[in-house]
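What follows draws every value from the coordinates through simple rules; no lab data is involved. Everything numeric here is computed off the predicted structure, so don't read it as measured data. Positions of Cβ are backbone-derived with ideal geometry, glycine not excepted, and every protein chain shown enters the neighbour counts.
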4 protein chains.
Amino acid sequence: MTEQLAEYQDFHALDEFAAAADSRWTPAARDFIGLGAGRGLGILANESALQSWALRTRVLRDVSSIDTSTHVLGAQLAMPVLLGPSALHVLSTAEGEAATARAAARTGTVLVLSASTSRSIEDVAAAGARMWFQLYWGRDRERVTQLIRMAEEHGCTALCVTVDMSVPGVLGSRMAVALRGLGDARPLYVLPRDTQLDSGEWDHDSRLTWRDLEWMRATTTLPIVLKGIMTAEDARLAAEHGVDALVVSNHGGRALDTPRATIDALPEVVDAVAGTSTEVYVDGGFRTGTDIAVALALGARAVLIGRPVLWGLATGGEGGLVALLSLLRGQLTSVMGMVGAASVAEIDRARVCRTGAGDGSRHDSAGM
Amino acid sequence: MTEQLAEYQDFHALDEFAAAADSRWTPAARDFIGLGAGRGLGILANESALQSWALRTRVLRDVSSIDTSTHVLGAQLAMPVLLGPSALHVLSTAEGEAATARAAARTGTVLVLSASTSRSIEDVAAAGARMWFQLYWGRDRERVTQLIRMAEEHGCTALCVTVDMSVPGVLGSRMAVALRGLGDARPLYVLPRDTQLDSGEWDHDSRLTWRDLEWMRATTTLPIVLKGIMTAEDARLAAEHGVDALVVSNHGGRALDTPRATIDALPEVVDAVAGTSTEVYVDGGFRTGTDIAVALALGARAVLIGRPVLWGLATGGEGGLVALLSLLRGQLTSVMGMVGAASVAEIDRARVCRTGAGDGSRHDSAGM
Amino acid sequence: MTEQLAEYQDFHALDEFAAAADSRWTPAARDFIGLGAGRGLGILANESALQSWALRTRVLRDVSSIDTSTHVLGAQLAMPVLLGPSALHVLSTAEGEAATARAAARTGTVLVLSASTSRSIEDVAAAGARMWFQLYWGRDRERVTQLIRMAEEHGCTALCVTVDMSVPGVLGSRMAVALRGLGDARPLYVLPRDTQLDSGEWDHDSRLTWRDLEWMRATTTLPIVLKGIMTAEDARLAAEHGVDALVVSNHGGRALDTPRATIDALPEVVDAVAGTSTEVYVDGGFRTGTDIAVALALGARAVLIGRPVLWGLATGGEGGLVALLSLLRGQLTSVMGMVGAASVAEIDRARVCRTGAGDGSRHDSAGM
Amino acid sequence: MTEQLAEYQDFHALDEFAAAADSRWTPAARDFIGLGAGRGLGILANESALQSWALRTRVLRDVSSIDTSTHVLGAQLAMPVLLGPSALHVLSTAEGEAATARAAARTGTVLVLSASTSRSIEDVAAAGARMWFQLYWGRDRERVTQLIRMAEEHGCTALCVTVDMSVPGVLGSRMAVALRGLGDARPLYVLPRDTQLDSGEWDHDSRLTWRDLEWMRATTTLPIVLKGIMTAEDARLAAEHGVDALVVSNHGGRALDTPRATIDALPEVVDAVAGTSTEVYVDGGFRTGTDIAVALALGARAVLIGRPVLWGLATGGEGGLVALLSLLRGQLTSVMGMVGAASVAEIDRARVCRTGAGDGSRHDSAGM
Ligand SMILES: Cc1cc2nc3c(=O)[nH]c(=O)nc-3n(C[C@H](O)[C@H](O)[C@H](O)COP(=O)(O)O)c2cc1C
Ligand SMILES: Cc1cc2nc3c(=O)[nH]c(=O)nc-3n(C[C@H](O)[C@H](O)[C@H](O)COP(=O)(O)O)c2cc1C
Ligand SMILES: Cc1cc2nc3c(=O)[nH]c(=O)nc-3n(C[C@H](O)[C@H](O)[C@H](O)COP(=O)(O)O)c2cc1C
Ligand SMILES: Cc1cc2nc3c(=O)[nH]c(=O)nc-3n(C[C@H](O)[C@H](O)[C@H](O)COP(=O)(O)O)c2cc1C
C-alpha cells in the first residue's frame, strides 16, 4: 500500500492511472469499463473532437491567485469537476462507492451515485460527501418514487436522471464477452425488492416522455439533472419543463455505436438554454486540465468524469482517486494561469479556437 | 453445423461474420468477393464517408414499441434492408441463392436475384421469397425480352437494371488473380442459350441510352429500379423516364477505381427526385444499424447490402444469413430508440449531422 | 526477356511496374528517380491531392465507341498522356531514350526529350516518334540558340522550357547519397562542347525574366511550352507573352521541399488563360485512368507522366513502356465509359467533385 | 573532431542534426530538450500546422542574386533567423553559450541569451556576438532591475521578456523523469545572489500585468521584445504599451499541454499590430527553408529556432551550429529562388496558400 502510494503520487498524467488500473483489473473488468458500444467509435469521437480545439493563451494578467472553484446548483465545488455516476465501484476497489465518496469529500466535489452502485446508499452516505443520486427510471413507477424518497432521505442534493438509455445499447463483440466474464459482480440495488435485478436484466421505461418528467418535477423538490442531452431541441424542452441542469453526454460512448462527440454537441445545447436558469455540464473523454478549460470556454459550467474515477480507485482506492483529482486540479490551475484566467468565470469563448484556425480577428465565431 | 450455429448466434457485429466467412472461403473467393476495382479505394470511400456522419440522439420520446418496417415499391419490408444482387452464392453456401431466398422469406425482406445467379430462377423462386430480378442488359435485345418475361413469370415484383457497368471495370492486380482462381465457378445463366456465357465474357450493351429505357418501360408493367445512379442529373432523367426507384450505388467499389462514396452522392439524388414518386435506395458499406439510420435520415427509403449477405451465407448458410439480418435489425431498433424514432418515417434529416459540426442551431443545413 | 514479357503483360496497375523497376534498379538509381526534394513531401502532396477528387459517374449514355484521342498543339495523340522529360533513361534500359521514342511512336504519343538525355538526339530521332525538346536554359545564350536550332533540325515540334529550376533545389539527405552513388552515369549533352558538363554542374540561368522569353519567342517559330507554372499570375504573364502551352508542374516534387500539389494549382492556371489560345497540361503523380480524368475535368488538355515512363523502361524496355501505356489507356477508356464520356472533350467540370462533397446541386462550384 | 566535422558538413536536413544530437545526449538531456508539456501535443501542432501551408512558386524572375538578409530592431541579420533563448547549453557542448555566441557572430545573427544560461554573461559576451538578454521576470523587483542593468552593461541590444510562463507548465510524465535525471546541471544564474536558485525553484512573478510593463518601459532604453504572445488582443495591448517586438511563441510546446500552433496564431497577431512600429517574430517547429518562407509570407519579420540550436551544438559545438545555420540559409536561398523572391521583403502573402486550396484567384484571402 505504501509502495503503491509512492508510485501514483508521482504520476503526471491521467494515462498513468489508466495504465496502472488496466494492470490491476481482471480482463473482464478492464473491458467492461474501458470499452464502448459497438466498435467503440464514440470513445474515439469524444477524445479526438476535444483535440480540434486549442486554447488562446493570454499574458500579463495577474494570476498569482487562481481560484478553480465554481458553483453547481448553488453549491460550491473546489473545481469544476464532478464524479460522474458509474456502476460497480467494487470492481475497482474493495470498499466500492464508500471510497469514492470519501475522496469526493476530501477534494471538495460531488459524487453522483450510480443507480447501479455496489454499496448501499447508507454506507456511501456515511462518508459525508455531497451526493447526487443517479436514477435509471424503470417501469415500476412505485419503485421510482421509493428511489426518489430514498435519495431525499439520505441527503442527496439532486436527482440525476439518465435519459440516454431508454433502450439497450448496441453491444460490441468484446463487450459481450466482458459482460459474461464479470461473474457475480452485480449492482447492489439500492432498494430492497422482492427479487434482485440481475445485471443482465434491463429496467428502463422506454415509454417515458416529457409528460412523465412533469410528474417527477411535481414529486420532488430536489433539483433535477437530465443526463444524456445531445441536441438543442431537447435542451429547450428541458428548460421549458423546469429541469435544473443538463449533462451533455453520450454515456461515455457506451450507448450508441457512433454517437456525436459531446464537445461538438455542447455549443448548441448551451445556446438553446441561454437566458434560462438551466445549467449545462458535459462529460465524455475529459482527461486533462486543457480539456476542462475547453468545455468551460464553450459554455459548460462543469465536467463530469467517468472512467478516470475508476482509474483512480483501481490504482489506489480513495487515495488514488484523491491523487488523480489533485493532479487534474493542478493541471487546470496551470492552464488557467496560461490563459490568464484567475477564476473559472473568466474562461470565456475567446479563450479557445479551432485548431488550424488562422484568423484571430474572427475568433469569436470561427469555430462555431 | 450445430456448433457453427452456436458460434454465429452469439455474434455482435457484422465484422464477426466477415471474419468467419473469410476463414471459410478459398483465397480466390475471398478476394473476388472482398476486393473492389483498382486499388479498392471505392470500398474505403464508402465506409469512411459514413463515419463523417453522426446521429443526433433524442430523449424522452415513447420508444416502447419500435417499428422497423417500411414500404418499398408498395410492399412492406420488416426492415429497410434489401438483399442486394450479387453473383454466385454457391461460392458461399452449397445451396446458393435458394438459401438466400429462404432467409429473405424468414426475415421479411426482398431478395434481388443477380443476373449472375448460380441457381436457376425456378429453384430460387421455390423458396417463396419476394424477389426482384436484376438484369444486366446485354447486346441481344431478344434475350433481354426473354429475361424480362422470365422474371415476370416467376413472380418477380420488380426489374432491377444495373446501369453502372456499361464498360468493364478497372481491374486491380489482386482481383485479376482472384478471377483466374475461381476455377469453374460460373454463373448459371438463367435462360437456356446456345452457348453458355463464361464468366470472363462481357455482355453489357454499351450503346444504351435513355431511349432504350423507354423501350423497356413499354415492354413490361413491372416496376423498374435503376441501380448505379450517382448524380442529380441522372436521377432527374430517371424520374422523367418513369423509373420507379433508384439505387445510389457504386457497385460496392467494384466498377471504378476511385468512385465517390455513395452516402456523399445520396443527398443530391434525393433532392433531384423530391416531389416525384421515384423512390431512392442506397448501397455500399452499410454494416451497422447506425449506417442504416444515416442513410434514412439523408433521404433513402432503404439500403441494400451486398457483401454482408455473402458473409451470412458463408458463415452458416440460410441460418447464418438470418442471424446476420436479425443482428442488423436489432442494432437498427436500438439506434431508433436512441434517436427517439419509433418508426422509420421519424428518422428525418434532423437526426444526423456531420461529425465535428459544432453548431446545432444550423443542424438542418450544416452538413449539406 | 520472353519471361519478363509474360510477367508485365499481366500487370493491372502501375504500382506493379514500379515494384518491378525498384527490384531492377541499383539503390542509387532507385533513390535518384524515386525521391524528391527535401523530405519528399511534394511527391506525397501530388498523390494525396488527387485523392481529394472523385468522379461523378453518368449512366445510359452511348459509350460503345470511346475515343481517348486528343489534340495537343494541333497534333493528334492517341491519348491525353505525354511522356514527360526525364534525365538519363540509360539508368533504366540499355538503349535509353531510343527505346522510349520507339514506345512513343507505337502508342501514338509524344516524347518530350530531356535536356539531360543519355542518348544523342540523332539516335533518338531515328525512332521516328513525335518529339518535343526540353530545354534547360543555361547561362550561355549562344549555346541556347544552338540547342534550339538542333531541336528544329531534328524535327522536334515544340520547345519545352523548364522554368522551375532557376536555382538548385533543396536536396534531401538520401537524394544526396543517391547522387553520389550514380557513378559515371552522366547526361550526354546533346551539343558538342569544349568541356562536358558533369551531372553535378548547375547550368541554369537564374537571371532570366519574361523579357528573355520575348527573345526566345522571336528566335524560333516552334511552339513554346513553359514547364513549371504553378500560379494564375505566371499563367497570365505566359499567355501575354505568346506562350503556346503551360505545364502545371512542381517537377515531380524534386525542386521544392513542400510544393503545392499540382492538381490544386491547376484550376487557377486554367482560369487564368481561359479565352486565350494557351493550352494547359499538368504533371505530378498521375498513375491511373481516374487521375487523368480528374485532370481533364479540371481543365487540363493532357497530362505528362515522369517516373512511370522509367518504370516501364526498367521493367521491360520499349515493350515494358508500351505495356504500361496500354494499361493506362485501358484504364482511361474504362473510366470514360463510367463517366459517360465517349470523347475526352466530354470530360467536363461536372464529372468531378471533391470527396466528401455532399451536395450535387452545387457540384459546379463546390470544389473550387 | 575532424571526423565529426566530416560527418555533419554533409548533412542535408536538420533531422540529421537532431538524430546526431539524440545519439550524444544522455537520455535525461534528450528528453528534457526534446519533449514538451503534457503529452507533447504542442510540438506536433507547431510542426503539422506548418505543413498546412504550401508555397506558390513564381518563375522567370531574376533570382541570380538572392539576399537573405533582413533587419530586426534596426540591426541587420544575414538571414531572418535568430537563435532563440534556451537553457543550459552545457548539456549540449562543454563550452555552453560561449560556443553559441561564436556561431552567432560567424553567421551574422543574434543570440538571445537565456535567463537560464549555463555560462556567465561575461564569458558569452566575450565572443563578440550581437546578443539580446532573455529575462524571466521574478518576484524580486530589485533583482529584475539588476538583470536589466547587467544586460545593458554587457552590450545586449534588446531585452526579451518571456511572458508565457507566469505559472508552471503542465508537466508530462516523461519530462518529470527527465528533470530528475538532469542531475546537477543547473542554470548558472547570471547575477551573484545570496542563495543560488536551483533549477527546480520557480521564480516567475505571476502577479505581473501591463502596468508592470510600463515600469520596465520606463526603466530601460533597450528595446523590449515580448516572447509568448499568441492573440490579437495581447498584440494590441503590447503595441499600445510601446513594446518594440513580439515573438509569437508557445514556448516550443513546453508550457501548455495543447497550445495552438504558432503559425496559426501568427496572422491575427500580425494584423493586430499592422500600422504600428511593433515587429513580429515567431518560433516553434521551424526546421526548413520552406518553414521560414511561410512565416515571412504570413507577416513575420524573422523566426527564432530553439531546439535546432541545441542539435547543432550537440553535433559539433560551434562548428556544428554554424553548419546547421548554413544549411538552413542555403535552403532558404533555394526556396526564395523558387518563389521568385530576390529579397525577403518580396516574400509576401501571395507566396503561400493553404494546402488543398484549389483556387488561386482567391489566394489572397483563401487561407485566412
Ligand atoms: C463502467 C461504467 C459504468 C457506467 N455506469 C453508469 C451508470 O450507472 N449511470 C450513468 O448514468 N452513467 C454511467 N456511465 C456513464 C458515465 O456516467 C459517464 O457518462 C461516462 O463514463 C463519461 O465518459 P468518460 O468515461 O469518458 O469520462 C458509466 C460509465 C462507465 C465507464
Ligand atoms: C461478389 C459480388 C458480386 C456482385 N454481383 C453483382 C451483380 O451480379 N449485379 C449487381 O447489380 N451488383 C452486383 N454486386 C454489387 C452489389 O449489388 C452491391 O451494389 C454492392 O455489393 C454493395 O456494397 P457492399 O458490398 O459494400 O454492401 C456484386 C457485389 C459483390 C461483392
Ligand atoms: C529522374 C527524373 C528526372 C527528371 N528530369 C527532368 C528533366 O531533365 N527535365 C525536366 O523538365 N523535368 C525532369 N523531371 C521532371 C518530370 O518531367 C516531371 O515533371 C515529373 O517527374 C512528373 O511527376 P511524376 O514523376 O510524379 O509523374 C525529372 C523527373 C524525374 C523523376
Ligand atoms: C531545452 C529548452 C529550453 C528552453 N529554455 C528557454 C528559456 O530559458 N527561455 C525562453 O524564453 N524560452 C526557452 N525555451 C523556448 C525557446 O526559446 C523557443 O520558444 C522554442 O524552443 C521554439 O521552438 P522550437 O524548439 O520548436 O524551435 C526553451 C526551449 C527548449 C527546447
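Amide H contacts under 5 Å for D:Thr157: D:Met131, D:Trp132, D:Phe133, restricted to partners 5 or more places along the chain or on a different chain, H placed in the peptide plane at 1.01 Å from N.
Quick check: from the Cα gyration tensor, does the range D:35-104 come out rounded (a/c under 1.5), prolate or oblate? It comes out oblate by the Cα gyration axes.
Considering only DSSP beta bridges whose two residues both sit in chain A, what percent are antiparallel, to the nearest 5? The antiparallel fraction comes to roughly 20 percent. Taking amide H as placed 1.01 Å from N in the peptide plane, C:Glu279 has its amide H under 5 Å from the amide H of C:Ala245, C:Leu246, each at least 5 places away in sequence or on another chain.
Shape class for the protein assembly as shown: oblate, because the ratio a/c of the largest to smallest gyration tensor axis (alpha-carbon atoms, square roots of eigenvalues) is 1.5 or more and b/c is at least a/b. Simple point charges give the picture: +1 on the Cβ of Lys and Arg, -1 on the Cβ of Asp and Glu, and for the protein assembly as shown a dipole about the Cα centre of about 440 debye. Considering only beta bridges that DSSP places wholly inside the range C:40-148, some 40 percent are antiparallel.
What sits nearest the axis between copies A and C, counting only chain A Cβ atoms, is the residue and whole-Å distance A:Gly356, 8.
In whole percents, the pair-distance distribution calculated for the range B:267-319 from its alpha-carbon pairs, binned every 5 Å from zero, is 4, 19, 23, 18, 15, 10, 5, 4, 1. Just to be sure I understand: with springs between alpha-carbon atoms less than 10 Å apart, which residue in B:Ala238, B:Ala300, B:Ala176 has the highest mean-square fluctuation in the Gaussian network model of chain B? Comparing B:Ala238, B:Ala300, B:Ala176 in a Gaussian network model of chain B, the most mobile one is B:Ala176. The dipole here belongs to the range C:242-321: it is taken about the Cα centre, uses +1 on the Cβ of Lys and Arg and -1 on the Cβ of Asp and Glu, and is about 200 debye.
Across the copies of the chain, B:Asp203 has label points (7 Å from Cα along Cα→Cβ) spaced 6.5, 6.5, 9.2 nm apart, shortest distance listed first. Starting from the label point of C:Arg217 at 7 Å along Cα→Cβ, the same points in the other copies fall at 5.5, 5.5, 7.8 nm, in ascending order. In the range C:206-278, the C-alpha radius of gyration followed by the widest Cα-Cα span (Dmax) gives 12.6, 36 angstrom. Phi angles of the range C:207-223 translate, via the Karplus equation with coefficients 6.51, -1.76, 1.60 and θ = phi - 60°, into HN-Hα couplings of 8, 4, 9, 4, 4, 5, 5, 4, 4, 5, 4, 7, 7, 9, 9, 5, x Hz per residue; Gly and Pro are given as x.
Electrostatic tally near C:Pro27: other residues with Cβ closer than 14 Å to its Cβ, Lys and Arg +1, Asp and Glu -1, net +2.
Here C:Gln51 yields copy-to-copy label distances, from shortest upward, of 1.3, 1.3, 1.8 nm, the label point defined as 7 Å from Cα along Cα to C-beta.
Shown in residue order for the range D:144-160 are the 3J(HN,Hα) couplings computed by the Karplus curve 6.51 cos²θ - 1.76 cosθ + 1.60 at θ = phi - 60°: 4, 4, 4, 4, 4, 4, 4, 4, 4, 5, 8, x, 5, 9, 7, 9, 10 Hz (x for Gly and Pro). In order along the range D:312-326, the phi-based Karplus estimate (6.51 cos²θ - 1.76 cosθ + 1.60, θ = phi - 60°) of 3J(HN,Hα) comes to x, 4, 5, 6, x, x, 3, x, x, 5, 4, 4, 4, 5, 5 Hz; Gly and Pro are listed as x. Please list, in chain and number order, the residues 5+ apart from A:Val110 or on another chain whose amide H is under 5 Å from its amide H, with Hs placed from the backbone. Correct list: A:Leu83. Considering only beta bridges that DSSP places wholly inside the protein assembly as shown, some 20 percent are antiparallel. Pairwise Cα distances in chain D exceed 33 Å in 25 percent of cases. Just checking the listed ones, C:Ser64, C:Ser166, C:Ser86: in the Gaussian network model of chain C with Cα springs under 10 Å, the one fluctuating most is C:Ser64.
Among residues other than C:Ala302 with Cβ under 14 Å from its Cβ, the summed charge is 0 (Lys and Arg +1, Asp and Glu -1).
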